[in-house]
Structure formats: structure tokens, C-alpha cells
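Structure first, then comments.
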Amino acid sequence: MRIIFVPEAKIEYLRNAWYAAAWSDEVGRTPLSRTFLDQPVVMFREEDGAPVALADRCPHRFAPLSKGKLVENAIECPYHGLRFGSDGSCVHNYHGPVPKAATVQAFPLMERHGVAWIWMGDAAQASEDKLPDFGSFDTDPRFAVVRGYLPVSGNYQLPVDNLLDLTHAQFLHPALGNPDSSDNSTFSMKSEGSTVWAKYFFKGESVTPFTRMIWESKSETCDRWAHMRWDAPSNLYLEVGVTECGASSDEALMIPSYHFLTPETAKTSHYFWLNARNVRIDDKTLDEIFWKGVDSAFRHEDEPMIALVQERMGDADFDDLRPIFLTTDRAAGRARQILTQFINAERVGTPPTSDRQREVASGNGAGLTEKANV
Ligand code: FES
Ligand SMILES: [Fe+2]
């Protein structure tokens, strides 16, 4: 008998949450247009550096404001010149009085550790204390950092599935995994509140080409762990450590990384990634090699597979396709389950307080039924 979880409603977007919108240095005095949760958004900075996010559609004849220009702290529409300030209200009309009804939606946009986070839901619920905090490897002197951005041709939950199930590395990533990884690995899952951990250990494995690229040891084998943490709705942190076989983790080569997925449309997503390392941190040549290695794995191995999966799924709902559930899907399955509960709670208007999220995530909340699939 197989136990499967059946969500009460199809997965949509969780709106009252912070999503990664851009690297901070992408947001400047040139308008930047991106679509989040099916809504086009324009981002820019005021003259004092404050970040702004507005709906990227003029309320007059619906031109994209992002094609316009910044005039002091306002953005000027490229079609007939209406200007909008950071709160979305019209502040200038070349051709007459400022129309009071001319407003565009303004979205909270806050920064932490080099990431600009956007809140696409009820602005009154957006607060700094809810901002994701994944630590600051970008300013930690023990680490060298590379980072990137990748558009993904798949629903944002597909790359989340991919990241929580690292067994795919054995097949998809010749440099990151080993052909015999499954012989030496163990997997466990931990779920706590709105956080899920997928923990992999690879004991005495052959040193992978990727590890060889940065590890200073000459050993042929090593112990490696990869602990992936997911936080709702779609932000992940991966801690990878490598040691000599049986050695203490204090001496490990550490390769921590962020993976922030943001829905763009139902079938496309934004992928912001950051990879750090605690060896040869001043080696700029290695920075480049490291960046190419990571970018290439995501761009040429993960993303094309996710795009093919999305193509095969078409418009079908994930659960309606009744995917086979493997032991190693426990983390991805739990993350989907928690997110569905949050979305359902948001739909019925339950305040998304942290207490409520804990209650829902622990299984005490409404929105989920269990069904035995015999
Ligand atoms: S469409 Fe923007 S001012 Fe007319
Ligand atoms: Fe991958």
C-alpha cells in the first residue's frame, strides 16, 4: 500500500511571501523589467538609492513603464509622458492636471545580503522580520563567492524538486556526481515548521571532477555531505562539505550555496544562485573556473531537463499526473505539501503568522487530506 497526499486545491502562488527579485546591483538608475507571479514589474532606485518596484504597465494606455526613463525619483512613461513616483501615484502630466486615478501598484522591495526581495501580496503584511536570511557569504572573509542568474523554462517547483532530490546528479551531472554514488550514499529528510532538510552523505566516494577542481588534497577518495534546506515558498540553501575519509568536519572543504527560485509565469521561473568556497579564496582564475563549472551544470544539464519535464507535463497539474513517489522524494514531497497548505491557508484568508505556519506545517492545519493508494 502506498500513502499519497492529495492537496485540496491546485497549487497556485503564495503571494504573501518574499521572493528574490534581483541581485542588488542589478537594480539601479536604469529601469529593470521582470515578471513575477505573472505580473510585469519594473524596478529602479531613487536618487538616494532606495529600491522601488512598480507594476510595469501604465494605467493610461498600458505602455511598459520600463521602456521609459527616470526623472529624479519618478519613472516617465515612454508613450505620453505621465510620471509615477515610488508609491505608484502619478506625479506629473505634461498635458494637464495630474489625474488622481492614475496609479500603478507599488510592491515592497527590500534588500538583504545583496539580494533584492519583492513582496507580491498584501503590502501591509510585508515586514523586514520576514525577510529570508541565508547568511552573508558575500561579505564573509573566509569565503570566495561566485553567483549567477538563469531563466528556467519550467514552473518554479520543478527546479525546487530538482534541488531537493540530488540523486539526479549521478545521471545528469558527470562532474558533480559519481556513476556509483548510490552505492555509497545515505539519505534522510527532516521537516520543521516551514523548513525541510534533505540530507545526503557520500561515504568513501571517488573524488568527483568538481571536487577535484577546488580541493587541495591529492586523495582519490573522500567523505562528502550535501545538506539541502528548503524554506517556503522556494528558497534553498545547500551546505556541501568534503573531508578526507573519516576526518573531522572541522577540516572540511566547504562549498555552501544559495538557490532562490521565483515564479515568473506558470511555466517559467527565475533562478538566482550563489556558490561559495573556503579554499584559494584569492584565486581569481579559480573564481572563473568555479563560476563556469556551476553555471554550466545548471544551464546545460539541469535547466534543459527541467524544460523537457515541463514540456512533457504540458498544462497538467503535477498531482493530477500521479507521480511515482520514491523514498528520495520525501523532502520534495514534504516541501510541496507544506507549500500547498500555505497557499490554501492564504486563499481562505488565514493570517500567515509564523505561529499559524508552524501549526499548518506540523500537520495540524486545514488543507490536506491523506489517501491510501492501494
Ligand atoms: S500610456 Fe503611459 S502616458 Fe499614455
Ligand atoms: Fe542538478
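The values are calculated or read from the model by the stated rules, or taken from the named source; none is laboratory data. What you see is a predicted model, and the numbers here were worked out from it, not measured in a lab. Virtual Cβ from ideal backbone geometry, glycine too; neighbours counted across all protein chains shown.
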Can you tell me which of F298, F272 is assigned by the TED database to the domain that holds A232, part of a strand (DSSP E or B) and modelled with pLDDT of 95 or more?
F272
Looking for something modelled with pLDDT under 95, surrounded by fewer than 14 Cβ atoms within 10 Å (Cβ to Cβ) and under 27 Å from L172 (Cα atoms) - is there at least one such residue anywhere in segment 343-363?
no
Taking into account only those residues within segment 136-175 that are surrounded by fewer than 22 Cβ atoms within 10 Å (Cβ to Cβ) and polar (S, T, N, Q), which is farthest from ligand 1 (Cβ to nearest atom)?
Q170
Exactly one of G177, G154 is small (G, A, S), within 16 Å of ligand 2 (Cβ to nearest atom), closer than 21 Å to D38 by Cα and part of a loop (DSSP other than H, G, I, E, B), and that one is G154
Could you tell me which of the residues R83, R45 is basic (K, R) and more than 16 Å from ligand 1 (Cβ to nearest atom)?
R45
Any pair with Cβ under 7 angstrom, 6 or more apart, that starts in segment 58-73 at a residue that is under 13 Å from G85 (Cα atoms) and charged (D, E, K, R) and ends at one that is part of a loop (DSSP other than H, G, I, E, B) and near ligand 1 (Cβ under 9 Å from one of its atoms)
none
For segment 181-218, how many residues are assigned to a helix (DSSP H, G or I), in contact (Cβ under 8 Å) with a residue 60 or more places away in the chain and surrounded by fewer than 17 Cβ atoms within 10 Å (Cβ to Cβ)?
1
Would you be able to tell me the number of residues in segment 64-80 that are near ligand 1 (Cβ under 10 Å from one of its atoms) and buried (at least 16 other Cβ atoms within 10 Å of the Cβ)?
5
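Consider S191 carefully, then state whether it is at pLDDT below 95, in the same structural domain as I306 (by the TED database) and either more than 19 Å from S257 (Cβ to Cβ) or of a type outside the set (V, I, T) (or both). Before you say what the answer is, go through the steps one by one.
Values: at pLDDT below 95: no; in the same structural domain as I306 (by the TED database): yes; either more than 19 Å from S257 (Cβ to Cβ) or of a type outside the set (V, I, T) (or both): yes.
Answer is no for this residue.
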Taking segment 97-114 and keeping residues among the small types (G, A, S) and within 12 Å of ligand 1 (Cβ to nearest atom) leaves A102
